[in-house]
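Every read-out reported here was derived from the displayed coordinates using simple, explicitly stated rules and does not represent laboratory data. Since the structure is predicted, the reported quantities are computational estimates derived from the model, not experimental observations. Note that each Cβ is placed from the backbone with ideal geometry, even for glycine, and that neighbours are counted across all protein chains shown.
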Amino acid sequence: MDGRAILLAQARAAEADLDAVEAMLRAPVFDGFPERDEILARLRVPIEDLRERLADARRATRTVEGWQHLESARLGAVTPLQEGLALLGGMLLRQARLDDDVVLMSDVLQTELAQRLRKVAWPKASAPDVDERYHRVSELIRVRFPTTSIWSLPVVAHEVGHAVVAGFVEVAAGTSNDRLAFQVQYTSAEERELVCDVIATLALGPAYVSSCLLLRFIPSSADEASGRHPPERERAEVMLQVLRDMSYEDTAQWLRTAWVSAMQSAGIDEPEVALLGGLARGIRSFTVARLPDLVYSGMDRVDQLAADVEAGRRPPDPPNMIDALNAAWLIRRRKWGSEGALDNATAAACHDLCRSAAKGTGGA
């Protein structure tokens, strides 16, 4: 045995790993997941690149070059294999219904948003992870595990915002050249996170801002930047400004009062409002000019849905997911009380409302 024989053995083992992943994802048991094929098509590009690198390792005339190609292939395999695992895990969770249909709800929410984002394409599918994020290879949106509650579902809209930033193309003024409009206009990572907050607020209205300010943002660290994200007190102020500009003044004031109280209880000061208000209006104007169908205006329907749920009635028709999430959060805000929780029966009714939106069953 020599070094080249070991090289060839390792290259073939790596190819077998790629074969196994594709075979798992293509298993007939997952034929009911139409998003699988779209994501596999996106993963095929990096996987074929890996196969070519492995072929280069086998063909190399000098063994030292072969090892270099193999190392490059192994490093490059990390991301597509992670994405394959994420997709597989998400499909298995849904198949076993361990997620109480929340991943399906996330997929339906993305499909509804896509109807108002016709110039942006992404798989509109979800997979579990340690946190929400948008992956640039598969464009698969991750949802925070465990995915068993509806209350954080609106955060998915922020990740859809990343799909917009990554993919919205327009012709540059005075030229025939295409450009990624949001990336050209907003160049820093921090600005782009605020863009995603604005997109999510415009798309979902009060549900997104409620989910962030009442459930996900941490007041005690709200003055600290986190990775690419600006401080949460700044993100909150931008969202609230956009919500007010959408004519949800009363809801925005209720949320602002609650959020400021939470920050004060943690010893954190409010941000500079005037500067952030101008930034929020600028991002909102830029976004609405390019995505005029994005702005949510369904609170009249939401009021009726909330009344039905609170009265124990089945809505006459299955709602859409965005209306269902807003109705659920409206009910929770109304019944916030001293603990911020709903009684079990009302919480279950809110979950069933969102399930009916995902399945089109009208509550069945």
Revision key, fill the gap. Taking VAL242, VAL160 and counting other beta carbon atoms within 10 angstrom, the fewest-first order is VAL160, VAL242
Check your understanding: Viscosity 1.002 mPa s, temperature 20 °C: Stokes-Einstein D of region 299-359 from its Kirkwood Cα radius, in µm² per second?
Key -> 190 µm²/s
**Study point:** Set of region 27-50 residues, backbone N closer than 18 Å to the point 7 Å along the Cα-Cβ line of ASP17
**Key:** 43-50
Exercise for review: Quote to one decimal, in nm, the extra length available between VAL273 and GLN95 on full extension: 0.36 nm per residue of separation minus the C-alpha distance between them.
Suggested key: 59.4 nm
Practice item. For a label point 7 Å from the Cα of ARG290 along Cα→C-beta, name the residues of region 191-235 whose backbone N is under 14 Å from it. Key: 191-200
Practice item. Taking 7 Å along the Cα-to-C-beta vector as the label spot, tell me the ARG44-ASP178 distance in nanometres, rounded to one decimal. Key: 1.9 nm
Practice item. Just rank MET263, MET321, fewest to most, by other beta-carbon atoms within 10 angstrom. Key: MET263, MET321
Check your understanding: Okay, helix-only estimate at 222 nm for the chain: each DSSP H run of n ≥ 4 adds -39500 (n - 2.57), divide by all residues, round to 500 deg cm²/dmol; what do you get?
Key -> -20500 deg cm²/dmol
**Study point:** Spin-label model distance (nm) - ARG26 vs GLU339, 7 Å beyond Cα toward Cβ
**Key:** 5.2 nm
Exercise for review: Treat the count of other C-beta atoms within 10 Å as a stand-in for reagent exposure and order ILE199, ILE39 from fewest to most.
Suggested key: ILE39, ILE199
Exercise for review: Give me the Debye-computed log₁₀ of I(q)/I(0) at q = 0.15 Å⁻¹ for the chain, equal point scatterers on Cα only, no solvent, two decimals.
Suggested key: -1.29
**Study point:** Computed label-point distance, nm, for sites LEU8 and ARG118 using a 7 Å Cα→Cβ extension
**Key:** 5.7 nm
